[in-house]
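J.: The structure follows.
What follows is calculated from the coordinates using simple rules that are stated; it is not laboratory data. Predicted, not measured: the structure shown is a model, and the values here were computed from it. Note: ideal-geometry Cβ built from the backbone for every residue, glycine included; neighbour counts use all protein chains shown.
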Amino acid sequence: MKLTDFDYLYDMFENYTDTEEDDFDPDMSPCTTIINESINTVLTVVYSLVCFLAVTGNMVVMVVILYNRRTISSTDIYLLHLAVADLLFAVTLPFWAVDAISGWVFGDVMCKIISILQEVNFYSGILLLACISIDRYLAIVYSTQTHKQKRPFVIKLVCAAVWLLAIILSLPVLYKGEYTPPDSSRTMCYEKLDGESAEKWRVTTRFLRHFIGFLIPLLVMIFCYSVTIQKLCQTKGFQKQKAMKVIIAVVLAFLICWLPYNITVFIDTLMRSKLIDETCDMRNHIDRALSATQILGFLHSCINPILYAFIGVKFRRNLVNLLATKGVIKKSAKSHYRRSVSSSSESGLTSTTI
């Protein structure tokens, strides 16, 4: 999932000049800020670590789901697409890791490619999370068991629509390209828009991001999971508690990773749209908050494989079967795991719950 807009990080560089002759963004306050190289080094390390964890975890998810594609469910299809979104997002991180240290050195074309790739997977990831919540809502609240054999084609159409919508919403980043600010030798991958229209365009696309890229999916998740938890509380059986823990973990992880960042970006957007006063002190605080909360958002791509797959009974069973088949673990370990699952009285409810 995917999920961030590096315009927010690069906006910090717009204030590194104390002249008013920067016609690239004339409405910005002429604040002077010092580039902290140690922070850039930390960002490089974090990007690299997140890339490694996200690539490893999501590749395991994809392999396990595809290996058991004969018994693939609607949730598995969403999980597969979500893993692809997170994986493609992680692939872009090495480019930004290098950029944090030495600026953008990959050229104008790669700037557009990496930016649109990241933006597409931001939107697709967040929309797929909403689709998963709807899928769990239908499966648990309405106990839609009979539709499982008929839904794969519909689910694939929904996933195709998600990717298409993500591509359409990502088209504005094609305005990006190599840009070197005045009085600076550092090249950036940034929107190449001049004049007053640049700020208006940036604010408009940000508001679009706030609503479609966060607020609407969040409201969908809150509604679906709230009703689902209420349904589980009315369900008799020991396994409902396990399903509730997973659902609560899903919502909390989403909020912890993305809510601080989106609140910070929203405040920044209000400042740039002149709806609230902007001062140099406020600008510096927001810039630092953007960097810190952005890291939390990156971490969500690493958490997804754990929340939606590794803690799921069905996924663990398929992973153990795969490892035993390939000879990675002994078959005795596989038998022991089967007995442990059997002794926990796994029900149909939890087998279809993430």
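J.: Where does each of 131-140, 217-226 land if you order them by average Cβ count within 10 Å, highest first?
T.: 131-140, 217-226
J.: A further question on this structure: Using 24 Å as the Cα-Cα cut-off, could you pick out the over-long pairs in 156/176; 112/200; 231/314; 156/314; 156/231?
T.: On the way: 156/176 31 Å; 112/200 21 Å; 231/314 21 Å; 156/314 21 Å; 156/231 27 Å.
Among 156/176; 112/200; 231/314; 156/314; 156/231, the Cα-Cα distance tops 24 Å for 156/176; 156/231.
J.: Computed FRET efficiency, Cβ-Cβ of residue 192 and residue 71, R0 35 Å: what is it to the nearest 0.05?
T.: Working: r = 49 Å, r/R0 = 1.41.
The value I calculate is 0.10.
J.: Within the set of other residues whose C-beta is less than 12 Å from the C-beta of residue 221, count the net charge using Lys and Arg as +1 and Asp and Glu as -1.
T.: 0
J.: Kindly list the residues of the stretch 46-76 that lie in the label zone of residue 325, defined by a backbone N under 13 Å from the point 7 Å along the Cα-to-C-beta vector.
T.: In the stretch 46-76, the label zone of residue 325 (backbone N under 13 Å from the point 7 Å along Cα→Cβ) covers 63-72.
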